[in-house]
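S.K.: One structure is given below, represented as structure tokens, and several questions about it will come after.
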Amino acid sequence: MAQRRRLPPGTPSSAPRDETLCDTTQGLGDTLVVEDARQDPRFADLPMVEAGMLVSYAGVPLRDSMGHVLGSLCISDTKPRRLDADDLDTLTDLARWAEQELTASSEMRQARQVQTSMLPVLPVSTEEWEVAGMCLPALAVGGDFYDYTVTDDVLHVMLGDVMGKGTGAALVGAGIRAALRGTTPAVVAGVDLGVTTTQVARSVNTDLERAESFVTLVQAAVDLDDGTARYVDGGAGLGLVVHHDGTCTRLSSLDRPIGVLPDDHWTEHELDLHPGDRLVLFSDGLLDLLEDPMTWWEPVEAMVREAEDVSDLLGSVGLLARRRTPLDDVTAVGVFRTPRFHGPRPVRLDGGA
């Protein structure tokens, strides 16, 4: 077993930034090579040099996409060292690679913030209805999306899953979500969801073909006055209603995902959400978190039935994701109708994008 090197008493274990050679590299904004810092009047008096912890040094500044110096990539030794041209080229190549990684990491953080900002800000919460959702990308950004809005007492809710993960899927998902949201006025006015879904599919089929992708989708329009719900399921098949009487209904459809065949069309289905009924939609990433995904409806039904409210349900899904590393994006939306509702229905609903 290797023994830890013992430093002489009084040897500094750290140094202020202005007492480092990296600070000089960043200030110069150029490669700095020092063969023997003990012989260089700029650095000979630095504590790290006097202690013999740093004798030779070579550093290359790291810049962001705007050209601003963020830091430096350096190598150092406790003895004099001369670097040849190949050594310096290698160090410079490593610095350029590090810059690309820093830029990519920064851009992915920004992309995640943008994608998160496009999700609904507030849940729908009234005396009779509760609607909320969650999205946990497997990477920084993901291809899952969900949305819900309330207009004229009609809830338009959707959940989509773009084939694949990461930035490409996120870009496709953002476009599909925007196209679907554009149909909300027609959906609220009562236009058949199969018709609006087909229109969206026609408008994005060329884009999906070029991207070699497709999208599974389930969306619904719920009349918050009487609980009538219309829905379309495009290849998702991952939704169910846990009824107040103890029964359970799985959403089903023979329709394919958007982008599979150019001439596909979609069919509207209907169901009723009575007081106490609970509708949940989710992406297939949740299946990876279950013991037996082939009988997913059993554990999902149990989670829905046992949840105190939508927030509790989403918390259970999040707990599963923390216990098991998700291999895919995990997204879920719950629409719960209060079992015991008395008195006049509220006029105002808090919800939105």
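S.K.: Would you be so kind as to identify all helices of the chain, as entire DSSP H runs, whose Cα atoms reach 18 Å or more along the helix's own axis and whose mean Kyte-Doolittle hydropathy is at least 0.0?
M.R.: Numbers: long enough: 85-117 (48 Å, -0.84); 166-181 (22 Å, 0.87); 193-211 (26 Å, -0.17); 310-323 (20 Å, 0.75).
Membrane-span-like by this criterion, though nothing is claimed about a membrane: 166-181, 310-323.
S.K.: Using the Cα gyration tensor of the stretch 178-242, with a ≥ b ≥ c the square roots of its eigenvalues, what is the shape: rounded (a/c below 1.5), prolate (a/b larger than b/c) or oblate (neither)?
M.R.: Working: a/c = 3.15, a/b = 1.55, b/c = 2.03.
It comes out oblate by the Cα gyration axes.
S.K.: Which percent of the accessible heavy-atom area of the chain goes to carbon and sulfur, probe 1.4 angstrom?
M.R.: Values: 9680 of 18740 Å².
It is 52 percent, rounded to a whole number.
S.K.: Let me ask something else. Match the structure shown to one of the listed values [x] 46; [y] 24; [z] 31 of percent of Cα pairs over 33 Å apart, computed from it, and give that label.
M.R.: [x]
S.K.: Measuring with a 1.4 Å probe in the full set of protein chains, what accessible area per residue, in whole Å², belongs to the chain? Before the final figure, lay out the partial values.
M.R.: Details: 18740 Å² over 353 residues.
For the chain, the per-residue accessible area is 53 Å².
S.K.: Here is a further query. Suppose only helical runs count, i.e. DSSP H with n ≥ 4. What mean residue ellipticity at 222 nm does that imply for the chain under -39500 (n - 2.57) per run, divided by all residues and rounded to the nearest 500 deg cm²/dmol? Write out the running numbers ahead of the final one.
M.R.: Details: 8 runs with 109 residues, N = 353.
Helix-only estimate at 222 nm: -10000 deg cm²/dmol.
S.K.: I need the semi-axes of the equivalent ellipsoid of the stretch 192-351: take the C-alpha gyration tensor, multiply each eigenvalue by 5, square-root it, list largest first in whole angstrom. Let's see the in-between values first.
M.R.: Values: eigenvalues 151, 100, 36 Å².
Largest first, the stretch 192-351 gives 27, 22, 14 Å.
The values are calculated or read from the model by the stated rules, or taken from the named source; none is laboratory data. Because the structure is a prediction, the values reported are computed rather than measured. Accessible surface areas use protein heavy atoms only, side chains included; no ligands, DNA or RNA. Shrake-Rupley method; radii C 1.70, N 1.55, O 1.52, S 1.80 Å.
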